[in-house]
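Reviewing the structure listed below.
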């Protein structure tokens, strides 16, 4: 196992401030921090849309829906992504 988080004291302070803002705003999902993250991704990648998701499975679900995949459609993916397909059907 390895530690997750910043080693640099300045970066650690930035992480703590960001967490405090999220707690103060009660915005753990779909709040202003998520909007800023999505906007910065759009700018950095030079793309018109970015959607922050909580997991790889959610990312696959959004991607499948975006390209019009419907229940019963054949989708070929790596074996570890089966749960995303199951959720797409619900």
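Please treat every number below as a calculation from the coordinates, not as lab data. The model shown is predicted, which means the values in this text are computed figures rather than measured ones. As a convention, Cβ positions derive from the backbone with ideal geometry for all residues, glycine included, and neighbour counts pool all protein chains shown.
With the Cα gyration tensor of segment 9-52 giving a ≥ b ≥ c as the square roots of its eigenvalues, does the rule (a/c under 1.5 for rounded; else a/b larger than b/c for prolate; else oblate) give rounded, prolate or oblate? Judged from the Cα gyration tensor, segment 9-52 comes out oblate (a/c at least 1.5, b/c at or above a/b). When you count the other C-beta atoms within 10 angstrom of each residue and take the mean per peptide, 30-38, 56-64 line up highest first as 56-64, 30-38.
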